[in-house]
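Written below as structure tokens is the structure these notes are about.
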Amino acid sequence: MRPNRSKSLQSNTLAGWLMSGPALLLITLFLIVPFLLAFWFSFTNQRLISPNPTQFVGTSNFEQLLGVGALVLEPETAADGSLVVADDGELSYPRVREFTRNNPDFQHLNGMREWFGWDWGNSKVLVLARDLVFMKALTNTLFFVAVVAPLQSLIALLLALMINQKLLGINVFRTVYFMPVVVSIVVVSLLWRFIYDGRSGLLNNLLQFLSFGQFQPVDWLGNPDTAMWAIIVMSIWQAVGFHMVIWLAGLQNIPLTLYEAADIEGASSWQKFRFVTWPGLRNTAVLILVVITMQAFALFSQIDVMTNGGPLDSTQTLVFQAVQRGYEQQNIAGGSAISVLLFLMVLTISLVQRYVTRER
Amino acid sequence: MAAVTSPNQRLKISLKYLLLILVALIFVFPIVFMVVSSFKPDLQLLRDTSSIRAFLPIGDISLDNYFAAFRRAPVGLFVFNSIFVTTLTVIGSLFLCSMAAFAFVFLEFRGKEIVLSIIIATLIVPFETIAVPMLMVVNSLPWIGGSGVTWGWLNTYHVQIVPFLADALTVFLFVQFFRDLPKELIEAARLDGASWFQVYSMVIVPIAGPVFATAAILKFLAMYNQYLWPLMVTQSEQFRPVMVGLQYFFQLNTAWGEVMAYLSMITLPVLAFYLFLQRAFITSIASTGIKG
């Protein structure tokens, strides 16, 4: 028996590796190797084309990206100790660059730029960053995720509940709501660039019509206050059908007998949702949150086609910066370091989501 | 369908339909606007955005924008490239990924558990973040073609196909489906003396139609809509797909009519395909999420 068994195991092993081998080889070469390379490059000074050999530089790429510092500016005082007041009644302060440019007492702030600040009595507290664009990309991405993940899952759930009713022709609505999902995000972005246009855009005209001409046209993508929201609305419009369908599948997995039992008990619609539907959607909810968060972190095409990160860096994102640096500016090390940070964030958040929503 | 009796109920149902229709308008109006605009001259197109005419094919309607789009860029070539690359990738990936999943589910071999978990873990990596290192990988690979061995894959069809022939999501979908199949099927075929490849191709593939359809649809959408990668790896228009072709229409003074015509041309086939197979599309998305 013994030799026979080991022979059958052997033939299994060989067949197993032969059949999975081609796919494994391709996934290794085109997914795992580039991923490991990104990790490696993030600790070097790799550039796309460079006459100098690549050097290991430790964590300096990460220090460059994440470097932040604080600076408290005291108002300037005259020789007698009183505060200097300018003609317009404002206090005057030393300039930030006196601290950030070759000041031996403030070595740790060298090369930093002002990120944001606030008043503290007569003093000003300033937060400085080594890489302002990265900081904006980071905060914009987190903002996008924090808005899109809950909002899009909620809208998708409402849509799923709407099309889960027994109404004549409900399939037509299901088909329509899903339609934008199959349209390329690049096509959608270009189309919506026209819709958001400041002069002849559809959205402005629609809002003017609805407000009887009271509404003043807005250049949605050209205004730093509205650009990210414009991208959020369009992104939700394009992708919400995808998650609606996943919710719908979850809804249809809930046994009808539970609803019948609830009817017999005389439960209201809200009670049925609260005590039957929602508990039944638990796993679906976890999945949808994880998927939407991951997709939101990968925000790229919309930015590339619609705003290029502008205006005033208000739509910079991490992936856009990773591509911008790694490809356009040929700074592979910098782009890779952003990729690594992004990967660590996505990993952490999905682990936290899974832990918080785990089965107990 | 419950019989409608009281006026109250009738009102309730009407309100439901009203809501459904309003939401439907939000989802279709940009698409309708795109198609309708593609038939209008630029001046009229811009003027019409201020009224309901934006959604109606009225006024000076013609195919001029379509002809102009063909004059501006080799649209036919772009469409051919997209279809060629997408078709080969979909077929290849269905074959390779289903076979690998078959091995993972039905064969016992050392290390398969860890390999499978690594594959599934890679689902978390956004493609854009590894695009640049991947560019360096393909740039240093050899290829054996008509003119012997060449180095570097840029500006070819295979650089758009080979890296996407296997992916974690497709493997994962097949694994999920195969796990639910009865093992007896396999054992019976093995007792009859079938080789593993015969079991795969003659027993499993014929009953796996639904998952093949699912995987094909998802892969088709992902490949046809690809943007960043072909932008990076195709320098000459000879190999460019439709999404990169869009660049020919980004202009300082954009000819919006032409843009709309091009967008319609590259989108309507996909929409038609979707309307024709909408049940399969929707099931395929749903099945990515059923087990999580």
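The values are calculated or read from the model by the stated rules, or taken from the named source; none is laboratory data. The structure presented is a predicted model; accordingly, all values stated were derived computationally and were not measured. For neighbour counting, all protein chains shown are included, and Cβ atoms are generated from backbone atoms with ideal geometry for every residue, glycine included. Please note that ligands, DNA and RNA were not included when accessible areas were found on the heavy atoms of the full protein model with its side chains. Shrake-Rupley method; radii C 1.70, N 1.55, O 1.52, S 1.80 Å.
Set side by side, the residues B:Glu128, B:Glu108, B:Glu113 differ, and just one is within 9 Å of chain A (Cβ to nearest Cβ) and over 28 Å from the mean Cα position of the chain (by Cα), which is B:Glu108.
Scan the range A:235-269 for residues that are part of a helix (DSSP H, G or I) and over 29 Å from A:Val145 (Cα atoms) and the total you get is 11.
How many residues does the range A:162-182 contain that are buried (at least 23 other Cβ atoms within 10 Å of the Cβ) and either among the hydroxyl-bearing types (Ser, Thr, Tyr) or farther than 26 Å from A:Leu281 by Cβ (or both)? The qualifying residues number 1. For the criterion of being away from chain A (no Cβ under 11 Å), buried (at least 22 other Cβ atoms within 10 Å of the Cβ) and under 23 Å from A:Phe300 (Cα atoms), B:Gln160 passes.
Confirm whether A:Val286 is open to solvent by less than 50 Å² (accessible area, probe 1.4 Å), closer than 24 Å to A:Asn45 by Cβ and at the interface with another protein chain (Cβ under 9 Å from one of its Cβ atoms). No: the conditions fail for A:Val286. Of the residues A:Leu159, A:Leu128, A:Leu132, the single one that is touching a Lys or Arg at 6+ places or on another chain (Cβ under 8 Å) and either at pLDDT 95 or above or crowded, with 21+ Cβ neighbours inside 10 Å (or both) is A:Leu128. For residues that are facing chain A (nearest Cβ under 7 Å) and within 20 Å of A:Gly21 (Cβ to Cβ), scanning just the range B:116-125, find the one that is surrounded by the fewest Cβ atoms within 10 Å (Cβ to Cβ). For the range B:116-125, the residue satisfying everything is B:Thr122. Note on the range B:248-267: among residues that are more than 10 Å from every other protein chain (Cβ to nearest Cβ) and surrounded by fewer than 23 Cβ atoms within 10 Å (Cβ to Cβ), the one that is modelled with the lowest pLDDT is B:Leu252. Among the residues of the range B:5-15, is there at least one that is more than 14 Å from chain A (Cβ to nearest Cβ), among the hydroxyl-bearing types (Ser, Thr, Tyr) and without any contact (Cβ under 8 Å) to a residue 24 or more places away in the chain? Among the residues of the range B:5-15, at least one is more than 14 Å from chain A (Cβ to nearest Cβ), among the hydroxyl-bearing types (Ser, Thr, Tyr) and without any contact (Cβ under 8 Å) to a residue 24 or more places away in the chain, which makes the answer yes.
Going by what's in this entry, would A:Thr257 be described as more than 27 Å from B:Leu25 (Cα to Cα), open to solvent by less than 50 Å² (accessible area, probe 1.4 Å) and among the polar types (S, T, N, Q)?
No: the conditions fail for A:Thr257.
A single entry from B:Ile58, B:Ile91, B:Ile31 fulfils the requirement of being in a helix (DSSP H, G or I) and open to solvent by 30 Å² or more (accessible area, probe 1.4 Å): B:Ile91.
Summed over the range B:138-156, residues that are under 20 Å from B:Arg240 (Cα atoms), within 14 Å of chain A (Cβ to nearest Cβ) and either more than 23 Å from the chain's Cα centre (by Cα) or open to solvent by less than 30 Å² (accessible area, probe 1.4 Å) (or both) total 5.
If you check every pair at least six apart or on different chains, which have Cβ atoms under 6 Å apart with a residue in the range B:92-116 that is modelled with pLDDT of 90 or more first and a residue that is open to solvent by 20 Å² or more (accessible area, probe 1.4 Å) and acidic (Asp, Glu) second? Listed pairs, sorted by first residue: none to list. Taking the stated definitions as given, is B:Gln238 at pLDDT below 90, polar (S, T, N, Q) and surrounded by fewer than 19 Cβ atoms within 10 Å (Cβ to Cβ)? Against the criterion (at pLDDT below 90, polar (S, T, N, Q) and surrounded by fewer than 19 Cβ atoms within 10 Å (Cβ to Cβ)), B:Gln238 does not qualify. Out of all the residues in the range A:78-110, which are within 24 Å of A:Ser60 (Cα to Cα) and either at pLDDT below 80 or open to solvent by 50 Å² or more (accessible area, probe 1.4 Å) (or both)? Of everything in the range A:78-110, those that are within 24 Å of A:Ser60 (Cα to Cα) and either at pLDDT below 80 or open to solvent by 50 Å² or more (accessible area, probe 1.4 Å) (or both) turn out to be A:Arg97, A:Arg101, A:Asn102, A:Pro104, A:Asp105, A:Phe106, A:Gln107, A:His108, A:Asn110. Residues of the range A:289-311 that are in contact (Cβ under 8 Å) with a residue 60 or more places away in the chain, at the interface with another protein chain (Cβ under 10 Å from one of its Cβ atoms) and in a loop (DSSP other than H, G, I, E, B): A:Leu299 alone. Scan the range A:172-202 for residues that are of a type outside the set (A, V, I, L, M, F, W, C) and part of a helix (DSSP H, G or I) and jot them down. Answer for the range A:172-202, where residues must be of a type outside the set (A, V, I, L, M, F, W, C) and part of a helix (DSSP H, G or I): A:Arg174, A:Thr175, A:Tyr177, A:Pro180, A:Ser189, A:Arg193.
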